[in-house]
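Worksheet: the structure to be examined is printed underneath.
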Amino acid sequence: MKKGIFFAFILMGIFVGFCTYATQKTTVVQAAVLNDDKSGLENYCDRLKKEELVLVNTKSDRYINIEKSSELNKCELESVEYKGIVAMKIDDFDSDGKSELLVARIKTIEGLDTLSLTMYNKEMKKTGETVLTDKALVGDMFINEIAYKKMGKETLIYFVADSDTTINTDGYYWCYNSVKYNAQGFFDKKEKTYAGTEQDEKTLKECTDFVIGDKIDIKSFTGKESFSKYDKDVILLCKISMEHTIDNLYKYIEDKNIKGKTLLIKILFYICFNNNIIKN
């Protein structure tokens, strides 16, 4: 009887050891697959950098046209068209044990700055493509943020804009767009916008509650800051900001001594495309 129990314990020990070995081997194999996928996708990143304009860590000057008037001079921010990559990120976006490459591009189409997302697999084939928003770069002072959050078998990717308009009129604009990605591709697009003279506590709460409903934890959000400051699981992809480079715009609006109909002021504004995350 004792011998039978002894042999049973031995067999159980062998079985547990085999299962542990098999699990460790599977984990090692999965890690190797991920590393191989990353290597190929990193090479594709390098290829895209050569084939397309990459706006990562660049600055773009903007100009303002000022037309003399009998009362206040009319100011108009010049239109600039953009086309290029603002973010690239390698990660396992659908939790299938294989890496994918997410590329975010901005392109001006009929006066609107659109932000598109494209996902590639390890064979560099597209597994999904969508336009996330056509409301990027709105206003003459803004911060745009692109980021994502993994949620089990899917990933939420979002764009948020906090914008002010100060030329000719005062206004405030806030926009949030999101989309999910899984093994079947992009799905479940959502949008929330607000436009007015300013954002009060009521509208801030409405916007915050909408984002929280999208499973991003920003309960203490006060505006302007990155969502990643509040939700530790949010991974920042890119920030695009536009700022004034002079303190007093109104001196150009009110100046009656401006000669000629149009004055072009250089480097009044600039856009900074800031992204320091390319690979995991």
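Quick note: the coordinates plus some simple rules give every number you see, no bench work behind them. The shown structure was predicted, so the numbers you read here are calculated from the model rather than taken from an experiment. Here the Cβ positions follow ideal geometry from the backbone for every residue, glycine too, while neighbour counts run over all protein chains shown.
Once region 94-213 is represented by equal point scatterers at the alpha-carbon sites, with solvent omitted, what log10 I(q)/I(0) does the Debye formula produce at q = 0.16, 0.19 Å⁻¹? With one equal scatterer per Cα and no solvent, log10 I(q)/I(0) is -0.81, -1.04. Applying 1/(1 + (r/R0)^6) with R0 = 41 Å to the Cβ-Cβ distance of residue 209 and residue 79 gives a FRET efficiency near 0.70. Once the Cβ-Cβ distance of residue 198 and residue 71 is raised to the sixth power relative to R0 = 30 Å, the FRET efficiency obtained is 0.75. Computed from label points 7 Å out along Cα-Cβ, the spacing between residue 61 and residue 130 is 3.9 nm.
Could you put 70, 241, 163 in order, starting from the residue whose Cβ has the fewest other Cβ atoms within 10 Å?
Details: 70 6, 241 15, 163 21.
The fewest-first ordering by Cβ neighbours comes to 70, 241, 163.
Given a Förster radius of 25 Å and the C-beta distance between residue 272 and residue 49 as r, what FRET efficiency does 1/(1 + (r/R0)^6) yield to the nearest 0.05?
Details: r = 19 Å, r/R0 = 0.76.
So the FRET efficiency works out to roughly 0.85.
Once both labels are positioned 7 Å from their Cα atoms along Cα-to-Cβ, the gap between residue 95 and residue 118 label points is 2.8 nm.
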